[in-house]
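Written below as structure tokens is the structure these notes are about.
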Amino acid sequence: MNSTSRRVSTFLENLSRPSYFVLGVAPFAILLGWLLPQASTLFQHLGGAGLGVISLPAIPVVISSVTLGAEQLARSARRHSRFNRRLWIALITTCIGATLIAFFCALAQQPGVLTPEAQVMVGTFIEEKSDPIYINLNQVSTGSGEKNLFDIVLELIPPSNFFFHTANAEMIKIILVSAIAGVAMSTIEPARTDTLRNLLESVNSISKKVLDYILLISPIVIIFFIASSVSTFNLGLLSSTLTFGVAYVSACMVCLGAAVLVYRWNTKAPVSVNPESPGSVSKEERNPVLQAFTSALTTANSLATYSLITRNLSARNFNPDQADTSTSINLLIGRTGPIAYVTVAAIFALNFFDLPLSLDVILKVITISILFGIATAGLHGVAAIAVMVQGIGDIGIPTQPLLLMLIALDPLLMFFRSAVSSATAMAASAYACNNSGMGDLNSSEAAT
Amino acid sequence: MLHAGKSFLRFLLCSSLCLAFIATLADPVLAGPLPGPGDTAPGRIDLNAKPQLNPSIQAIRDSGVLRIGIAYPDNLPMYGHDNEGNLIGYDIDLARGMAQALQVEPIFSQPKVTYNRLIQLASADQVDVAIGKLSVTIPRLGYAKPVPYLNLHQSLLINRKVLDRISKDPDNIGPSLRTAPLRIGVISGSSHAVWGSTTFPKASFTTFPDWQTCVDALINREVDALFRDGFETSRIVKSKPRLALDYVPIILKDKIDNIAMYMGPRMEGLLPVAGLYINISTGVINEEDLFRRFKKEMRDSPVAMGKTNKVHDQAKH
């Protein structure tokens, strides 16, 4: 790398830092969007394309890390039983914890109880953005039927064609297939799976490197994204639904606080701060949960923190394989950001449409939040919102106005969704890897 | 030789003239003199005959006015009164233009009767033309002849929660609606009160005296939906955006709602005049054209804003 490219790289890296983001990237993007409103569509396309590029290494990282991790864990199941158990506990606790925190924050805020003026403002927005429904009354029923929650779960989880799932970025199915493949690999003698293992290790290393490179462009992507949002953002709607935003952000902050505490309890091991040593962490990463939070906040992508989390956990003498596996699984399944988002949106809609909050509705909200929050794995923006609202519709809430409203508010809240997912993934990974130190790594390496 | 040639030419000329004379006598058109008044011989045309006007037009010309009955109550921007009490609206302009084309004065009246009764008044020769966003229905055809000028569709303004209960699948809303036991509100004596049971065979219908009470019943949850044309249902949510959160218009693409002006039997001669006038002036327009044309006015529905309609009974302008 010559000096010019190094300088450019350093400059781009600096742009991702919170201070540069707040003082440089965000004001510049806002100014750009304000000065060039006519270019909002172009900015939107560029931002969308950029977010797609940032997600590019997601699938290879997930396939390689989950397969290798599952193989390692299954091969020495007894030795890793504690990690397995803790990983499951971390996942389940994270998901349920996020939805409960969001539920209580939403209950406290009553986000859907709007003033009459706010209702008119929201109604005007919905009316402007929606058309009448045009239907043929006499058309023959297609017979596809309506999907209940059970149908949706069946559609969401069981894998069928791995290549099809990969092409469609169906992350839950990809994780399941990878885990099954990893377990299957562990039952075959190592000599026969060495080629695949080496290939997956190479894929994993390359994907991480690619992710590092791609993340350099994330500030530019965010500039386009914010610029397009500034020119199209509906401030009236934002002010009318401020309670919704406040409820969600407060839920995110509580989750962040919980993540910081959990991480601290589980990282008693001394941290290496030697910058020359691979796997070491910088001084800035000493408060890594906050670092993960801000890093995802400034890139609007939780996957952007994958390297940060694994590097930090490895530097704290946790088993790198376990760190890889738990990080990828926690980032992709323990999606606290979307889970909390679905909960707050569901309570908002229940308030808004004057629907009763009975015990069965509460249980349904919690189930749906976890299920559809997880289902957003690999999805961004409108696609993620559509999946989440599909779940909320199952509670008996009219989805069309809610979908329009959430799409309008998403440019602001999507940053927090990614940020809180990263922070809790780091804490959950630290919990899962705790008490599974280097000794395990050495043993597992010996076994292979 | 030269003399013989000249004689031959003279002979030819004379022969031609004789033949022309004979042919002229044989042709009745070219044969003069022209037939005089009162000459009614078969095959003869009296070119001085007094022209006879279409009886309907003659009757209107004789009276010097075109009596136009407008539906009650006002329904701007289609028909109604402005703040000064002047009649305005799309239908009013159409009727005025037609009167102008017939070279007579328009006289408007707005009897306080149902839409069906207004059409019956046209059949009873109380008005020459009945107009006011009147739909074409089979029972109405028994009384008067329609001249369509708007092609709308039947439509429901439905509670979103009810719709969500009926069908979550957007592709199957139609079949689900057809078989749903909906509670639907309609205006009494309207075309939609006639169509309702055929369009939604499983639904129960409640009639209300006017659109305002229909909307009140919907908001008070007395009914699940209102049944009217797509223009009116869409207009409610446009004029009162708060309602857009709870209610959504559904336009039935396969259920036409033709809007026409009606002529009584004595005025049947006006049908081609009205048809041609519509074609050369506004043309037969549809919902989308109306939405575009009245984008601003649609946001000021007097019904949705809770204003009371002015009563201009038998007002003449």
Peptide B:187-198, shielding by other chains (average Cβ, 10 Å cutoff): 0
Ranking by accessible area, most exposed first, for A:Tyr341, B:Tyr143 with a 1.4 Å probe: B:Tyr143, A:Tyr341
Amide H contacts of A:Tyr134 (H built 1.01 Å from N, under 5 Å, at least 5 apart or other chain): B:Ile251
Residue-by-residue Karplus 3J(HN,Hα) for segment A:384-391, coefficients 6.51, -1.76, 1.60, Hz, glycine and proline x: 5, 4, 4, 5, 5, 5, 4, x
Pairwise centroid distance, computed over Cα atoms, of segment A:90-115 with segment A:2-46, Å: 33
Using θ = phi - 60° and Karplus 6.51 cos²θ - 1.76 cosθ + 1.60, couplings along segment B:125-137 (whole Hz; Gly, Pro as x): 6, 7, 9, 7, 9, 9, 9, x, 6, 8, 7, 8, 10
Where labels lie 7 Å past Cα in the beta-carbon direction, separation of B:Glu288 and A:Asn198 in nm: 6.3
Between segment B:113-155 and segment B:200-263, the alpha-carbon center distance in angstrom: 20
Pair B:Ile219, A:His45: separation of 7 Å Cα→Cβ label points (nm): 4.5
Trypsin sites (Lys or Arg not before Pro) restricted to segment A:22-93 and DSSP loop, no more than 13 other C-beta within 10 Å: A:Arg78
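Tell me, in nm to one decimal, what length is gained between A:Met253 and A:Glu117 on full extension, where the rule is 0.36 nm per residue of separation less the Cα-Cα distance?
The span from A:Met253 to A:Glu117 would gain 46.1 nm if fully extended.
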Over 23 Å between alpha carbons, listed pairs B:Lys112/B:Lys255; B:Lys145/B:Lys253; B:Lys168/B:Lys202: B:Lys112/B:Lys255; B:Lys145/B:Lys253
Per-residue mean of C-beta atoms belonging to partner chains within 10 Å, peptide B:156-163: 3
Dipole of the protein assembly as shown, positive direction: furthest Cα of A:Thr166, A:Pro288, B:Asn286, with charges on the beta-carbon: A:Pro288
Relative contact order [Cα under 8 Å, 6+ residues apart], chain A, whole percent: 31
Equivalent ellipsoid semi-axes - Cα gyration tensor, the protein assembly as shown, angstrom: 76, 34, 24
At R0 = 45 Å, FRET efficiency that the Cβ-Cβ distance of A:Phe104 and A:Asp151 yields, to 0.05: 0.90
Rounded to 10°, Cα long-axis angle of helix A:306-315 versus longest principal axis of chain A: 40
Calculated FRET value between B:Ser197 and B:Glu268, using beta carbons and R₀ = 30 Å, to 0.05: 0.45
FRET efficiency estimate (nearest 0.05) - Cβ-Cβ, B:Asp62 to A:Leu31, R0 51 angstrom: 0.10
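The values are calculated or read from the model by the stated rules, or taken from the named source; none is laboratory data. Remember, it's a predicted structure, so these values are computed and weren't measured experimentally. Cβ atoms come from the backbone with ideal geometry, glycine included; neighbour counts cover every protein chain shown. What goes into the accessible areas is simple: the full protein's heavy atoms, side chains included, and nothing from ligands, DNA or RNA. Shrake-Rupley method; radii C 1.70, N 1.55, O 1.52, S 1.80 Å.
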